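Everything below concerns the one structure shown next.
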């Protein structure tokens with residue numbers, strides 16, 4: 001006879017009879033919905049405690065932390081070694097979890113798609129079709145490479161040596177063809193644009209030391225397949241307040257996906273030999289990816305049973321995509337409803353009519369529910385009930401012993417993990433200089449004043465415009481006087497480097513520029529009658545000789561005569577009119 005897990009008591013006509021659900025009926029899954037504070041978590045706690053006492057395999061995924069911590073108090077002494085308490089906030093003792101480890105060829109597309117679904121859920125507005133295509137090929141490549149982790153997504157884009165090592169070992173011709181024939185031909189600008197957002201978002205996750213120390217270890221400490229077969233107690237404390245909402249959603253979704261893969265790997269066992277494992281997920285909308293739809297439809301045959309709880313239906317609808325909502329209501333066998341909002345009451349009325357209407361659901365009292373219970377594979381008529389009182393806490397708690405046992409058996413000291421991850425990234429050919437340790441490996445530029453610097457890589461430099469005049473030259477072209485020099489300066493050494501572009505050539509100097517140099521200091525303006533520059537000799541004005549005047553045409557004589565100035569050797573002034581008369585007579589005699 002199947003064991004019955006009690007979780008409520010009827011309240012019709014005062015008949016307070018406890019009731020529960022059989023193991024076989026639980027394999028069709030249970031769905032619990034209701035506003036906060038109505039009693040959902042109390043119902044889950046009672047069911048988990050009952051499963052622990054009955055020796056079942058149990059998994060608890062809690063995004064708040066209180067539920068998970070409380071369950072430690074109810075573990076009996078004989079089951080201490082059955083518990084694996086996964087608490088990322090216990091940062092001194094991280095438990096390794098690698099979702100890329102030991103995935104069979106058939107399951108690689110599923111795990112890659114599931115991880116993609118997690119990223120798309122956390123950052124729904126940043127993914128383009130091209131980015132999904134590139135990231136999917138990166139994940140599939142890493143799944144073929146031994147000892148790869150999620151941190152490898154950063155390295156495969158930034159470290160060419162690491163990428164080449166992975167591509168060389170790829171056996172899938174399609175995946176290898178992408179990296180060899182397509183990605184390798186991307187232009188640098190296109191490659192940067194296509195991968196920058198991927199590196200940015202994943203970099204935000206792994207930049208958190210808590211998450212990095214968990215996902216960065218290549219060998220998982222938990223064997224989920226063995227835990228399910230041996231009916232272990234897995235408690236995942238993914239408190240949002242301690243590790244962050246995104247990190248909680250990431251770890252929770254990956255853990256649930258790996259549990260699904262572990263359950264599906266039981267295909268090598270006969271169905272009668274598969275042990276039941278009950279997975280409780282509180283506020284499951286935080287971890288609801290497309291893989292949930294597959295679990296709901298396929299997990300039953302592998303003996304993985306889900307008990308899901310959350311607050312309202314719209315949490316399952318994203319951008320008008322109702323696939324998750326449809327999968328839940330199309331596959332769950334047992335439906336339990338606390339008080340909900342008007343919109344949800346109208347939707348749920350279709351499940352409970354004609355026995356209960358929307359107004360009945362809206363007016364449910366605290367700790368009261370309407371139930372459609374799976375009984376021997378058939379859904380019962382809806383009935384009203386109320387939850388059971390919380391189970392009393394046992395006098396002795398072994399919570400601290402469980403934590404110490406988990407640390408000793410499954411965790412690794414933080415110093416060892418940090419050193420290993422640091423060595424992985426800081427080794428030669430590590431993160432490519434863009435993620436971790438880039439300044440350690442990047443060679444410093446050599447100062448060569450006689451050689452122009454390359455304009456390709458500007459990292460580590462700044463542009464500087466000194467106030468002095470440019471006295472440098474580029475090639476054979478002189479620098480333009482007075483133009484500020486634009487220099488590249490190594491900010492790590494403050495070494496002035498050759499200009500990054502040649503200065504403009506100075507215009508050809510005019511005759512005045514050559515005669516009057518700006519370097520000659522000027523003195524105050526000279527007095528009248530004195531030369532402008534005392535150090536420059538003044539040449540006397542040239543006067544025409546008598547012979548030159550006689551040989552010129554008559555009409556120029558008057559003009560030239562006016563320019564004749566008295567020489568310093570002539571004591572008496574010259575009679576110009578007499579001179580003109582003498583010249584004219586001389587010309588007449590010459591003509592005759």
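What follows draws every value from the coordinates through simple rules; no lab data is involved. Since this is a predicted model, take the numbers as computed values, not measurements. Neighbour counts run over all protein chains shown; Cβ positions are idealised from the backbone, glycine included.
Based on the mean of other Cβ atoms within 10 Å per residue, sort peptides 279-288, 117-126 so the most packed one is first.
Values: 279-288: 24.0, 117-126: 16.1.
Sorting 279-288, 117-126 by mean packing, highest first, produces 279-288, 117-126.
Sort 327-339, 176-188 for me by packing, meaning the mean count of neighbouring Cβ atoms within 10 Å per residue, highest on top.
327-339, 176-188
Please compute P(r) over all alpha-carbon pairs of region 218-260, binned at 10 Å starting from zero, and give each bin as a whole-number percent.
25, 49, 25, 1
Report the relative contact order of region 242-318, percent, no decimals, based on alpha-carbon pairs under 8 angstrom and at least 6 residues apart.
38 percent
How big is the C-alpha Rg of region 327-388 next to the rule-of-thumb value 2.2 N^0.38 Å, as a ratio?
Values: Rg = 11.2 Å, N = 62, 2.2 N^0.38 = 10.6 Å.
That ratio works out to 1.07.
Give me D for region 32-168 in µm² s⁻¹, whole number, from Stokes-Einstein with Rh from the Kirkwood sum over alpha-carbon pairs, 4 °C and 1.567 mPa s.
70 µm²/s
Taking only the C-alpha atoms, wrap a convex hull around region 100-214 and report its volume per residue in Å³ as a whole number.
Looking at region 100-214, the number lands at 105 Å³ per residue.
Going by how many other beta carbons lie within 10 Å of each one, how would you line up 167, 416, 48, 174, fewest first? Please list the in-between numbers first.
Values: 167 19, 416 12, 48 26, 174 9.
Ordered by Cβ neighbours within 10 Å, fewest first: 174, 416, 167, 48.
Ranked from highest to lowest mean number of other Cβ atoms within 10 Å per residue, what is the order of the peptides 68-76, 348-356, 11-19, 228-236?
Ranked by mean Cβ neighbours within 10 Å, highest first: 228-236, 68-76, 348-356, 11-19.
In Å, what is the Rg of the alpha-carbon atoms in region 224-322, and how long is Dmax?
14.3, 42
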